[in-house]
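Chemist: For reference, the structure I am asking about is given below.
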Amino acid sequence: MAIQRMDNVLIVVDDLEAVVAFFVELGMELEGKGPIEGRWVERVIGLDDVRQDVAMLKTPDGHGRIELAKFHKPKAIDPEPKDAPTNTLGIRRIMFAVDDIEDVIARLRTHGAELVGELEQYENIYRLCYVRGPEGIVVGLAEQLG
């Protein structure tokens, strides 16, 4: 076998505290947070003079993780356009299974989240939507029916 598991997804952010609060509200657990710097990280990521703060969050089942990084040096680069549409090349969203999609949407709205499109039902299988949270991060939500 080539891989054992998907370990985490990295999201580079500017406001680490706001994004951590958003994902904690979604139901993720903060595993740890702290500074990262030194020659070892510079060699791994291919950048010089790195200084960043990192937060690691995990899903309630313990299998999925998101790593959030706030770069102090070198400064992060802004993407164009800032709120890229869904058909833009690259990673566009992270999808989560939820128990009560309307409750999750309401709680995430307290952190500035907005629906990208609409909350829709796919047959009698799922209720689905995309939510744009802090810093333009798009999260997909899926509530399984039945």
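Chemist: Could you please find all residues in the range 33-77 being assigned to a helix (DSSP H, G or I) and of a type outside the set (Lys, Arg)? Step through it out loud before you land on a result.
Modeler: Restricting attention to the range 33-77, the residues satisfying the condition of being assigned to a helix (DSSP H, G or I) are 39-45.
Matches in the range 33-77: Trp40, Val41, Glu42, Val44, Ile45.
Chemist: Quick one: is Leu30 surrounded by fewer than 15 Cβ atoms within 10 Å (Cβ to Cβ), in a strand (DSSP E or B) and touching a residue at least 40 places away in the same chain (Cβ under 8 Å)?
Modeler: On the way: surrounded by fewer than 15 Cβ atoms within 10 Å (Cβ to Cβ): yes; in a strand (DSSP E or B): yes; touching a residue at least 40 places away in the same chain (Cβ under 8 Å): no.
Answer is no for this residue.
Chemist: Given the criterion closer than 19 Å to Phe22 by Cα and buried (at least 17 other Cβ atoms within 10 Å of the Cβ), identify the matching residue among Gly64, Gly112. Steps first, answer last, please.
Modeler: Details: Gly112 fails: buried (at least 17 other Cβ atoms within 10 Å of the Cβ).
Just one listed residue meets the conditions, Gly64.
Chemist: Right, another one. Report yes if Gly136 is surrounded by fewer than 17 Cβ atoms within 10 Å (Cβ to Cβ), of a type outside the set (Val, Ile, Thr), within 18 Å of Leu16 (Cβ to Cβ) and at pLDDT 95 or above, otherwise no.
Modeler: Criteria not met by Gly136.
Chemist: Right, here's the next one. Restricting to the range 64-99, count the residues that are among the basic types (Lys, Arg), modelled with pLDDT of 90 or more and out of contact with any strand residue (DSSP E or B) (no Cβ under 8 Å at 6 or more places or on another chain).
Modeler: Residues of the range 64-99 among the basic types (Lys, Arg): 65, 70, 73, 75, 82, 92-93.
Those left that are additionally modelled with pLDDT of 90 or more: 65, 70, 73, 75, 93.
Filter once more, keeping what is out of contact with any strand residue (DSSP E or B) (no Cβ under 8 Å at 6 or more places or on another chain): 75.
Counting residues in the range 64-99 that are among the basic types (Lys, Arg), modelled with pLDDT of 90 or more and out of contact with any strand residue (DSSP E or B) (no Cβ under 8 Å at 6 or more places or on another chain) gives 1.
Chemist: Suppose we filter the range 27-63 for residues that are among the β-branched types (Val, Ile, Thr), under 19 Å from Met95 (Cβ atoms) and either modelled with pLDDT under 95 or in the same structural domain as Arg107 (by TED's automatic domain parsing) (or both); how many remain? Even if it seems obvious, please write down each step before you answer.
Modeler: Going through the range 27-63, the residues among the β-branched types (Val, Ile, Thr) turn out to be 36, 41, 44-45, 50, 54, 59.
Pick out the ones that are also under 19 Å from Met95 (Cβ atoms) and you get 59.
Keeping just the survivors that are either modelled with pLDDT under 95 or in the same structural domain as Arg107 (by TED's automatic domain parsing) (or both) gives none.
So the count comes out to 0.
The values are calculated or read from the model by the stated rules, or taken from the named source; none is laboratory data. Everything numeric in this text was worked out from a predicted model, so none of it was measured. With ideal geometry, Cβ positions are generated from the backbone for all residues, glycine too; neighbour counts draw on all protein chains shown.
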